[in-house]
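Below is one structure, written out as structure tokens; comments come after it.
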Amino acid sequence: MGLRAHLPQLILLPLAGWALLQLLGFRGAGNAALWLAGAVVVHDFLLLPAYSALDAVARRAAGGAINHVRVPAALSLLVLAVFWPSISGASDGAFRRASGISHQGYFTRWLLFSAALFAISGALYLVRRTGRDPAT
Amino acid sequence: MTFTVWRSPLRSPWLTSVLGVVLLVLFALVIVTGFLSHAAYMPDLPHNAIVPAGRDLPLTFGWPTSPSWLYALTQGVHTNAGLVAIPFLLAKLWSVIPKLFEYPPVKGLGHAVERLSVALLVSSAGFQLATGVVNAQYWYPFKFNFVVAHYYGAIVFTAALVLHVIVKVPAMRRARATRAELPTAQLTLSRRGLFAFTTAGALTLLAANAGQSLGGPFRRLALFAPRREAFPVNKTARAAGVTAAMVGPSYRLALRGIDATSLSREQLLALPQRTARLPIACVEGWTTTQEWTGVSLALLAEHAGAPGARELHVESLQPRGVLRQASLSGAQIAAGLLALRVNGEDLPLDHGFPARIVVPALPGVHNTKWVSALTFRS
């Protein structure tokens, strides 16, 4: 194992280090470092344990219908997380100042979207259960 | 030793490697289009660089003007592929989370380097996706400059990703041969179910947003896209500090080349007019195609005594801000328009009245509004 085997590391790690040092040479360096570290901490130690725990609770409560709860809940929360600035109105001030209009209706649309997901999922569950057990 | 809380039998090297291949394709699209966007701003021309030239990689080239929807395409792919990657990244991280709690955490120098590169990768991936997503929605809960941070973050991310792929190719090859039968009785979700679940998340985000990148009738279908208006205003005159008095009868366009002249809006309208259907495509991923009418930049170069000019410096009435000026290349002068009208009517003030630049395939913010001066250089 000579130098050649480690060539990618010897090029790529210094490149990443250079870019990090550049980033930390600009305004808000401490804040950027916080966001970089925060990305790992928030995902690995908060988000993933939180949704795993939520899923465990849901499994116990929903039993055989778990995927009919899990899927609509996950899609609804995914949309909420990704479009949080628009849905929560957090970005409304800056958006209105720039564009002259408001980020309106996002929260209502998210509620309706979530309700529709659960309704479709529930209907599918009923259809499946009826299909499996004609006596009911 | 591993903790027993991570007990889902769904997790396997095979699952991780398949999710990895999907992510690799998506991230390759995001990375290539991201660096193309950086080049599309032509940072080597005067006043265009936001990341200072001395602290940038020398990766610029003459951005083309054809096809006119080129930047709408690359930036639409960049933003939407980034969104689609989110559920796959979540699934992949879920599949490897037990590794984070393995003991001992470091088993030697090689392993330490591998762990470091994975930490850089997860950190920069989260950073890039989070900053990109909030920036497209006008939320700035950070103190750094988005453009600078997203650019250097992209270099960290790309370096860490390439390293990770090189290190993991042998493991992926091995994993492909290890697709084991799963104990179905213990599972609440099959392997196929997990892929369907992740894909459903990806398609939901795509459908929620892609309409703003496609435009036309698709725009209203994008339920959660930040830009659902038919003809979005990126920045109003008020936000830019451009007042009615500045664009009134006293308005003159300063035209500089070999000669220096100035033209009123009436004089501009008296010149030969050209009409073109061209998109404005924003770095945030939205696009809008309109019918612009105005004077070709090549003709204005002739008026300034600089026919065939190779560079144009455009200034706006906007008093402050990095984007109150931009430089265009010779190819962009040849293809571009100083638009005076849109869809058969005078430009609305918020769309750049009295005159704005419209160049095919140019990033949105370089289509300078409220143009006050054009300086041609040969």
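Values quoted throughout were computed directly from the atomic coordinates according to the rules given, and no laboratory measurement underlies them. The structure displayed is predicted, hence computed values, not measured ones. Reconstructed Cβ throughout: ideal geometry from the backbone, glycine too, with neighbour counts over all protein chains shown.
For the range B:4-221, calculate the relative contact order in percent as a whole number, restricting contacts to Cα pairs under 8 Å that are 6 or more residues apart. Walk me through the numbers on the way to the answer.
On the way: 167 pairs, mean separation 69.0, N = 218.
Reported relative contact order: 32 percent.
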**OP:** Enumerate lysine pairs in the range B:99-241 that are 8 or more residues apart or on different chains, then count those whose Cα atoms are under 25 Å apart.
**Re:** 4
Original post:
For the range B:4-221, what size does the Cα cloud have along each of its three principal axes, sorted from largest down, in whole Å?
Top reply: 61, 49, 34
Original post:
Where q = 0.09, 0.12 Å⁻¹, what log10 of I(q)/I(0) comes from the Debye formula for the protein assembly as shown, counting one point per Cα?
Top reply: -0.73, -1.14
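May I ask you to list, by number, the DSSP H helices of chain A whose Cα span along the axis is at least 15 Å and whose average Kyte-Doolittle hydropathy reaches 0.5 or more?
Working: long enough: A:7-23 (24 Å, 1.59); A:29-41 (18 Å, 1.52); A:48-62 (20 Å, 0.43); A:66-82 (24 Å, 1.66); A:106-132 (39 Å, 0.67).
Helices meeting the span and hydropathy rule in chain A are A:7-23, A:29-41, A:66-82, A:106-132.
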Original post:
Taking a spot 7 Å from the Cα of B:Ser262 along the direction of its beta carbon, which residues of the range B:289-326 have an amide N less than 16 Å from it?
Top reply: B:315-318
Subject >> For B:Glu311, distant residues with modelled amide H under 5 Å away >> reply: B:Arg377
Subject >> 3J(HN,Hα) from dihedral phi, the range B:104-114, Karplus parametrisation 6.51/-1.76/1.60, rounded to Hz, x for glycine, proline >> reply: x, x, 10, 10, x, 5, x, 5, 5, 5, 5
Subject >> Size of chain A as Cα extents on the principal axes (Å, biggest first) >> reply: 71, 57, 23
Original post:
Amide H neighbours of B:Gly336 under 5 Å, counting only residues 5+ apart in sequence or on other chains, H built in-plane at 1.01 Å?
Top reply: B:Leu297, B:Ala298
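Say R0 is 35 Å: what FRET efficiency, to the nearest 0.05, do B:Ser190 and B:Ala112 get from their beta-carbon distance? Intermediate results must be reported in sequence, preceding the final value.
Details: r = 37 Å, r/R0 = 1.05.
So, using R0 = 35 Å, E works out to roughly 0.40.
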Original post:
Where the centroid of each part is defined by its Cα atoms, how far is the range B:340-378 from the range B:136-175 in Å?
Top reply: 35
Subject >> Listed residues B:Gln290, B:Ile280, B:Gly330: farthest to the positive end of the dipole of the range B:237-377 (Cβ charges) >> reply: B:Gly330
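How big is the C-alpha Rg of the range B:1-124 next to the rule-of-thumb value 2.2 N^0.38 Å, as a ratio? Can you show the working numbers first?
Values: Rg = 19.6 Å, N = 124, 2.2 N^0.38 = 13.7 Å.
This ratio for the range B:1-124 stands at 1.43.
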Original post:
Once you charge only the Cβ atoms, +1 for Lys and Arg and -1 for Asp and Glu, what is the size of the charge dipole of the protein assembly as shown about its Cα centre, to the nearest 20 debye?
Top reply: 1280
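Rounded to the nearest 0.05, what FRET efficiency is calculated for B:Ile166 and B:Phe101 with R0 set to 35 Å and r the Cβ-Cβ distance?
On the way: r = 25 Å, r/R0 = 0.72.
The calculated FRET efficiency here is 0.90.
Expressed in nm to one decimal, what extension gain is obtained for the pair A:Ala62 and A:Ala94 from 0.36 nm per residue of sequence separation less their Cα-Cα distance?
On the way: separation 32, 0.36 × 32 = 11.52 nm, distance 4.17 nm.
Residue separation times 0.36 nm, minus the Cα-Cα distance, leaves 7.4 nm.
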Original post:
Just the Cα atoms of chain B: what Rg and Dmax do they give in Å?
Top reply: 25.0, 83
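Sorting check: for B:54-61, B:268-275, which peptide has the highest mean count of neighbouring beta carbons within 10 Å, and how do the rest follow?
The densest-packed peptide leads the list: B:268-275, B:54-61.
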Original post:
How compact and how long is the range B:186-261, expressed as Rg and Dmax of its alpha-carbon atoms in Å?
Top reply: 24.2, 81
**OP:** Have a look at the range B:237-377 and give its Rg and Dmax from the Cα atoms, expressed in angstrom.
**Re:** 13.7, 39
Subject >> From phi via Karplus (6.51, -1.76, 1.60), per-residue ³J(HN,Hα) for the range B:27-34 in Hz, x at Gly/Pro >> reply: 5, 4, 4, 5, 5, 4, 5, x
Subject >> Least to most buried among B:Trp139, B:Trp14 (fewest other Cβ within 10 Å first) >> reply: B:Trp14, B:Trp139
Original post:
B:Lys369: which aspartates and glutamates have alpha carbons under 12 Å from its alpha carbon, excluding same-chain residues fewer than 8 sequence positions away?
Top reply: B:Glu315, B:Asp350
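Averaged over its residues, how many other protein chain Cβ atoms are within 10 Å of peptide A:75-87's Cβ atoms?
Mean inter-chain Cβ contacts per residue within 10 Å come to 6.
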Subject >> Residues whose placed amide H lies under 5 Å from that of B:Ser372, excluding near-sequence neighbours >> reply: B:Glu315, B:Ser316, B:Leu317
